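Contents: one structure, followed by commentary.
Quick note: the coordinates plus some simple rules give every number you see, no bench work behind them. Everything numeric here is computed off the predicted structure, so don't read it as measured data. With ideal geometry, Cβ positions are generated from the backbone for all residues, glycine too; neighbour counts draw on all protein chains shown.
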Amino acid sequence: MDNISILNFIIIGITTTFSIGLFIISLNSYRKSRKKKILFVSILLMLFFIKSLLFSLFLFTEQIQNDIIVFVLEIFDLLILVFLYTAVLIKQ
Amino acid sequence: MKIKKRAIIVFLLVIFVIFTYLNPLVFAETDPDYQYIAGQENSSGNQQQGSPNTDNPMGSTGGNQNKGNNPNDPNQQGNDNTNPTNGKQYRYRYQKRYTIMDGAENYTRIRSRYQDNDAEESFEIYFNIDNTPTFQLSFLPDLNATTSQHYFSIIIEQLIEYNDINDNGKYDSNDGIASSMPMSNVTFTNITYTNNTTPEGKTYTIIETHTTDNLFTIVIYLVSEKTSFLNNTITNKEIKIDFKIINYPFESQTSSLALITQIKTPFSINPEQNTYDEQQNTATQESGLNISSKDHVGFFSWANNVDVDNKTFPVNVTVISESEQIFSGDKQEAYTQNQVIFSYPRGESILHDPKIGVISLLENVIPSILQLEYLSIIYLLACLFSGIVFYGIIYYKKNR
């Protein structure tokens, strides 16, 4: 077990939490606003959360190789979510 | 405010549910035989951890039969460790902090301990020449244990001269045998023990025996810590063996030699192109077999090249597996026999060096046996931490 593998677990953990958090927020926003745009964002985030969850499960069960490629992919996912999070929070 | 509280409760519940269902899945899916995950080299550092076995690392532990000279002095020549009071019997004892070797003229028992984190492992390699030269690797609860778990045996069965009829460069069932030398039919000289020192001041022990006609020699190199000598690096988790074949009396003009060895173990054997030592950067150009059980991994590896008349050639190795089911009373035991055949190019002087050792499961970044639990905790902490950060930022934004 190397450091990259441990980092993968940390990043996928953060990604999973952020995706479910954003999904809950967007669902609440949709309930209040009933805007279709937000509904789509909610669905996107739900899918993102499911994907992260499955990814975690596959990593634990060693069905995918836990290496540098996973690490890079997860970094991209995390960055996308961070930007989405920032976009949701910024007013205007 | 109510919606916010509900959101937090739902969020925490979801995380809780995820982990309740995820953990049993994780443990159910784990292959119990999968023990080794490649990691970073840190063996030499770890050997120095933990409490010493004895106050004086070179000191005697008693029971030594040598009286005239100090057998525990690694700088003393092994050949001098003959005890005339014991008649033809003599014993040689060598002790370092984590390695004990006890040897006589017909056997050598090497015990080694390695320590990582708070756990330790000990193993024993028992070499004897009473009948056929045999190496036995066992695992022990500690260095001084009286009971051991037999793990695998390597029997040096015979040397054969064969005519490579199908010209595939290796001995197989289609080839004709011109002559053979079963090791059970030859007499080996008494095992000798010699200590040497590297330019860095590290000692290594050479354990040697050969057939009375000097045709086949087995040399074992033993170290008590990671030591480099003669273009090799070995650790106290393994022994290096040299097989030397000098002046084999060939009966045919075009024949070659093959050395047949046999591995017996109740555990699973997996071929490895990239050996443990290669992963640890202590060796190159090796292949081998890993013998894996639930708790341990041992190995038998060999150099991909052989020196024949001072030239290097690739060695062809054939592994033939055969499984046995033994029924005794109401007990049933499954045994695997693997014949490992080293086919060497023809030459007057052949030198090949295999290794026997154990793979440390505990020397990676985290203990292997705790990896899943450890990773689950890391994952959970990452989720918890990011959840706090996530909520903290929202809370801060709303109350600003």
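Per residue of A:46-57, other chain Cβ atoms within 10 Å of the residue Cβ number 1 on average. Over all other residues within a Cβ to Cβ distance under 14 Å of B:Asn163, the charged ones net out to -4, with Lys and Arg as +1 and Asp and Glu as -1. Over 31 Å between Cα atoms, which of A:Lys36/B:Lys397; B:Lys170/B:Lys355; B:Lys264/B:Lys311; B:Lys244/B:Lys294; B:Lys202/B:Lys294 qualify? Over 31 Å Cα-Cα: B:Lys264/B:Lys311; B:Lys244/B:Lys294; B:Lys202/B:Lys294. Quick one: grab the alpha carbon gyration tensor of region B:267-352, order the square roots of its eigenvalues as a ≥ b ≥ c, and give me rounded if a/c is under 1.5, else prolate or oblate depending on whether a/b is larger than b/c. Here region B:267-352 falls in the oblate category.
With neighbours defined as other Cβ atoms within 10 Å of a residue's Cβ, the residues B:Glu373, B:Glu333, B:Glu105 order from fewest to most as B:Glu333, B:Glu373, B:Glu105.
Other residues whose C-beta falls under 14 angstrom from the C-beta of B:Gln262 contribute a net charge of -2, scoring Lys and Arg +1 and Asp and Glu -1. Rounded to 0.05, the FRET efficiency of the B:Thr147 and B:Asn196 pair, given R0 = 30 Å and the Cβ-Cβ distance, is 0.35.
In terms of surrounding Cβ atoms within a 10 Å radius of their Cβ, B:Asp102, B:Asp309 rank from fewest to most as B:Asp309, B:Asp102.
Counted by neighbouring Cβ atoms within 10 Å, the residues B:Ile246, B:Ile263, B:Ile125, B:Ile165 run from fewest to most as B:Ile165, B:Ile246, B:Ile263, B:Ile125.
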